[in-house]
Amino acid sequence: MNGLLKFITCGSVDDGKSTLIGHILYDSKLLYADQEKALELDSKVGSRGGAIDYSLLLDGLMAEREQGITIDVAYRYFTTDNRSFIVADTPGHEEYTRNMAVGASFADLAVILIDASQGVLVQTRRHARICKLMGIRYFVFAVNKMDLVKYDKNAYDKIVGQIEELKNELSLENVKIIPLSATEGDNVTVKSENITWYDGEPLLEYLENVDISEENAEQGFYLPVQRVCRPNHTFRGFQGQIESGSINVGDEITTLPSNESAHVKEIYVGDKKSETAFKGQPVTITLDKEVDVSRGCVLVKGTNLAPYKRLTASLLWMDDEPLTVGKDYLVKIGTKTIAGIVAGIDYAIDVNTGEHINAETIGKNGIAVCEILLTEAVVADLFEEHRTLGELILIDRVTNMTSACGVVDELKEKGGSFSDRASFKFENLEARGDIFEEFYYDPQSLSVLKYQPVDKTYTVGDKIPTEGESYKYPDSFDIIVLRDGVTVKVRNKKIGDIIETKNYEYDGYPVINGRGFEIKADSREKVVNFLREYATRDDENKFFEKWLNFNTYRKVTVK
């Protein structure tokens, strides 16, 4: 039996998408008896003179039935002797393009229907372009309603020529063209006796046997962290789904964006221990040392993945309100959700012709290539390289509605990895110098943005910048970098010593953490309690709220 196939049906209004899938289910005996009986009864009061109306199996909403169109995305799950399927039947009307894009985002293959009496239409081109944007690499163009053109081969050949032009324009791969009639059943589940000039297989047979190749398999292992599991102070597991590759107990992994290395201590698949885990499995992974990892971080092995602060992305705008350059949105990439700004529109794309158009805004269902600036570096990649980290959505911060979906075309302003950060280093000890990051308020986007202009490694004897635009530290103080277990002693604006925190003793100087926040501990006893509670913390928010103060040495300035 072949593996699961997830596919989408799309096309112009009334091209027969719902009828096609309904006919597959009916012919393949994949309906319960009560469903089949209800279909036959509903059809008697429909518009086909009592003949079975297969579209009623999918067009379940009353509003859709009254209009004779599909509005929402209808998902169906079915299995034949040769394969299991999930199909998304999507709306054809331009007004519901965003609904169609949602269906396309999950699919491996697109079945695009074309009315044999009309040929390739504007909406056909729109849907093919969006399917390509959403990463679909396998296409079936089903030339439907062949019965309306009396199964004329010349009419079919003319449409084949139009499809070839579209294929070349969009650089579509793996294209199959099948003439059929969804209402009459020609070439749907069995070969048509009316289309003898077509020597290929019917649609269902093709779908049962098409090989969704792994020729573009993603590089290495990566797992976007969905959740940090802390049932008690002795267990810290990183949970998520493996998106590519495999992992074994003992393997060395890298954490991004912190860029720390650690070895896999344990792997849990469900509640059972395992020595290895593979792509597609949800797992819990524990490591052999403490690392700086939270939701949205990524565990990697054998990849060139890195964090970036600026991206160029192709966006499909889905909001009723038009895109406004400079407005801030929540940007979701992988499991990370972070504030970001649409910094500019490079150009809009005419979805019907592919023409690039200068634009200052785009409206609902429009496509544009845009520049996105993130408030901090996020692990991302080109969509064609690592799909999960190359697709994104923009969320309106006020309404919480999804404003756009899109894919990453270009990566800019690499940052956030260990080697890119200002840091402290002495002998075998290293610690990140986040205390030099600047905090700015951007009036245009109404957001607080974090920048880091410093890119230097400091060691014992070096003078450090104790004052910036958004921070001012004492001339002498101690920096406890919790995540790295390192303490830096600053005396008269110079680094006096860099030691392991386990060997640190408070001696009367102000204490801050690695991000520049005051640690509310002014005695040896309080420092000992602070470090003990950090090691055994169950709730990081409560811990930091108790012990840290932002505005003692820091402020947010207007940029």
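Miscellaneous remarks
- Complete set of residues in the stretch 270-282 that are over 23 Å from the mean Cα position of the chain (by Cα), on the phi < 0 side of the Ramachandran plot and surrounded by fewer than 16 Cβ atoms within 10 Å (Cβ to Cβ): 271, 272, 273, 275, 276
- When residues of the stretch 155-192 are limited to those that are among the β-branched types (Val, Ile, Thr) and assigned to a loop (DSSP other than H, G, I, E, B), the one nearest to residue 141 (Cα to Cα): 188
- Cβ-Cβ under 8 Å pairs, at least 6 apart or on other chains, the stretch 289-306 side farther than 16 Å from residue 432 by Cβ, far side of a type in the set (A, V, I, L, M) and outside any strand (DSSP E or B): 295/225; 296/225; 298/225; 298/305; 298/389; 299/225; 299/293; 305/389
- Filtered by the rule that a residue be polar (S, T, N, Q) and in a loop (DSSP other than H, G, I, E, B), the stretch 479-531 gives 492, 523.
- Per the listing 287, 299, 256, the residue uniquely surrounded by 15 or more Cβ atoms within 10 Å (Cβ to Cβ) and modelled with pLDDT of 95 or more is 299.
- Search result, residues across the stretch 162-194 that are hydrophobic (A, V, I, L, M, F, W, C) and either touching a Lys or Arg at 6+ places or on another chain (Cβ under 9 Å) or modelled with pLDDT of 90 or more (or both): 163, 166, 170, 172, 175, 177, 178, 180, 182
- Pairs meeting the criteria (first residue in the stretch 153-180 and touching a residue at least 60 places away in the same chain (Cβ under 8 Å) and on the phi > 0 side of the Ramachandran plot, second residue among the acidic types (Asp, Glu) and surrounded by fewer than 18 Cβ atoms within 10 Å (Cβ to Cβ), beta carbons under 6 Å, at least 6 apart or on different chains) are lacking.
- Scanning the stretch 312-329 for residues that are farther than 11 Å from residue 372 by Cα and either part of a strand (DSSP E or B) or among the aliphatic types (A, V, I, L, M) (or both) gives 316, 317, 318, 323.
- Only one of the listed residues (277, 339) is among the small types (Gly, Ala, Ser), in the same structural domain as residue 413 (by TED's automatic domain parsing) and assigned to a strand (DSSP E or B). That residue is 339.
- Residue 351 being at pLDDT below 90, assigned by TED's automatic domain parsing to the domain that holds residue 251, outside any strand (DSSP E or B) and at negative phi: no
- Candidate set: the stretch 138-159, residues that are surrounded by fewer than 17 Cβ atoms within 10 Å (Cβ to Cβ) and not acidic (Asp, Glu); chosen: the one modelled with the lowest pLDDT: 148
The values are calculated or read from the model by the stated rules, or taken from the named source; none is laboratory data. On a predicted model such as this, the values are computed, not experimentally measured, just so you know. Reconstructed Cβ throughout: ideal geometry from the backbone, glycine too, with neighbour counts over all protein chains shown.
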